[in-house]
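K.L.:
Sending over a structure as structure tokens; questions will come in a sec.
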Amino acid sequence: MALAGDVAFRAPSIRTAEVLAHRGAPVWLGLFTTPSPKDGGTYGAPHAIDLGFVFGNFSADPDFYGTGTWRHRLSGQVQDIWTTFARTGTPGRTDWKQYNLTDRPTLVIDKKTTVENDPLSNERKVFSALPYGGTKPTLQDLTPLTYPGTPWHDPRVIIALIGPVWTTVIAVSLLAVLAGAFFGIRHLLKRRRTVRATTAAA
């Protein structure tokens with residue numbers, strides 16, 4: 001999920017900000033990290049979770065946004081930033097500097113909003129090392145299984161690709177098949193011994 005989000009949204013946003021900053025255009029970069037509690041937090045901070053905070057409406061999917069007064073407080077902050085930017089062309093926060101390629105100041109929007117320099121820098125550096133043309137590389141191109149030498153049988157790689165829920169389902173299914181095969185063979189062997197014993201007694 002995180003890889004898909006980075007490929008589709010975060011990496012292109014950073015590349016765009018880098019190009020604009022390099023050309024001297026005023027640009028600010030934000031990162032919405034507020035997690036969704038839905039399904040036990042499996043999705044992290046998914047695409048479009050910011051919409052509820054932008055419009056101040058969480059009724060469409062309460063499970064998606066969770067509960068707590070912090071939602072409305074954060075929504076007010078987000079709306080102030082968005083509307084100020086629409087009116088003035090700047091976000092209206094003195095601590096949130098224009099994006100540059102040295103410090104890479106980024107507004108991290110979680111239950112609290114803070115300005116951080118180059119957040120999640122390791123992930124950014126990975127994508128920075130890849131050629132990017134807007135549509136390439138695709139998610140398929142970035143799948144770990146396409147990299148030479150990737151240990152596809154490593155449980156960590158499997159879990160990262162298909163997720164912990166499906167990993168559990170597959171593992172349980174395989175155990176059920178193995179258990180069925182074991183008891184089936186055991187039953188056949190027992191039946192065979194019984195037939196032999198009966199034949200010998202006759």
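K.L.:
For the pair LEU20 and SER128, what calculated FRET efficiency results from E = 1/(1 + (r/R0)^6), where r is the Cβ-Cβ distance and R0 = 22 Å, to the nearest 0.05?
P.N.:
It comes out at approximately 0.90.
K.L.:
With all protein chains present, calculate the accessible area of ASP61 using a 1.4 Å probe and round the result to the nearest 10 Å².
P.N.:
Number for this one is 40 Å².
K.L.:
In addition: If you plug each phi of the stretch 79-87 into the Karplus form 6.51 cos²θ - 1.76 cosθ + 1.60 with θ = phi - 60°, what whole-Hz ³J(HN,Hα) values come out, in order, with x for Gly and Pro?
P.N.:
So the J values, rounded to whole Hz, are 5, 4, 5, 5, 5, 5, 5, 5, 7.
K.L.:
Efficiency by 1/(1 + (r/R0)^6): what FRET value for ASN100 and PHE64, r their Cβ-Cβ distance, R0 = 30 Å, to the nearest 0.05?
P.N.:
0.30
K.L.:
Okay, moving on. With all protein chains present, how much of the accessible area of the stretch 28-119 (probe radius 1.4 Å) comes from carbon and sulfur, to the nearest whole percent?
P.N.:
For the stretch 28-119, the apolar C and S fraction of the accessible surface comes to 54 percent.
K.L.:
With an 8 Å Cα cut-off and a minimum separation of 6 or more residues, compute the relative contact order for the stretch 1-109 in percent.
P.N.:
RCO, the stretch 1-109: 32 percent.
K.L.:
Counting Lys +1, Arg +1, Asp -1, Glu -1, what net charge surrounds ARG104 among other residues with beta carbon under 14 Å of its beta carbon?
P.N.:
So the surrounding residues net to 0.
K.L.:
How high is the FRET efficiency between ASP110 and LEU175 when r is their beta carbon distance and R₀ equals 41 Å, given to the nearest 0.05?
P.N.:
Given R0 = 41 Å and the Cβ-Cβ separation, E is 0.55.
K.L.:
Would you mind checking which residues have amide H under 5 Å from PHE32's amide H? H placed 1.01 Å from N; only 5 or more apart, or other chain.
P.N.:
Result for PHE32 returns ILE109.
K.L.:
Can I ask one more? Rounded to the nearest 10 Å², what accessible area does THR199 show when all protein chains are kept and the probe is 1.4 Å?
P.N.:
Its accessible surface works out to 100 Å², give or take rounding.
K.L.:
To the nearest 10 Å², what's THR67's accessible area with a 1.4 Å probe?
P.N.:
The value for THR67 is about 120 Å².
K.L.:
While we're here: Quick one: net charge around ASP6, please, counting Lys, Arg +1 and Asp, Glu -1 for every other residue with C-beta under 10 Å from its C-beta.
P.N.:
Local charge sum for ASP6: +1.
The values are calculated or read from the model by the stated rules, or taken from the named source; none is laboratory data. Note that the structure is a prediction, hence the values are computed from the model and not measured. Glycine also receives a Cβ, built like all others from the backbone with ideal geometry; neighbour counts cover every protein chain displayed. The protein model used for the area step is the full one, side chains on, heavy atoms only, and it has no ligands, DNA or RNA in it. Shrake-Rupley method; radii C 1.70, N 1.55, O 1.52, S 1.80 Å.
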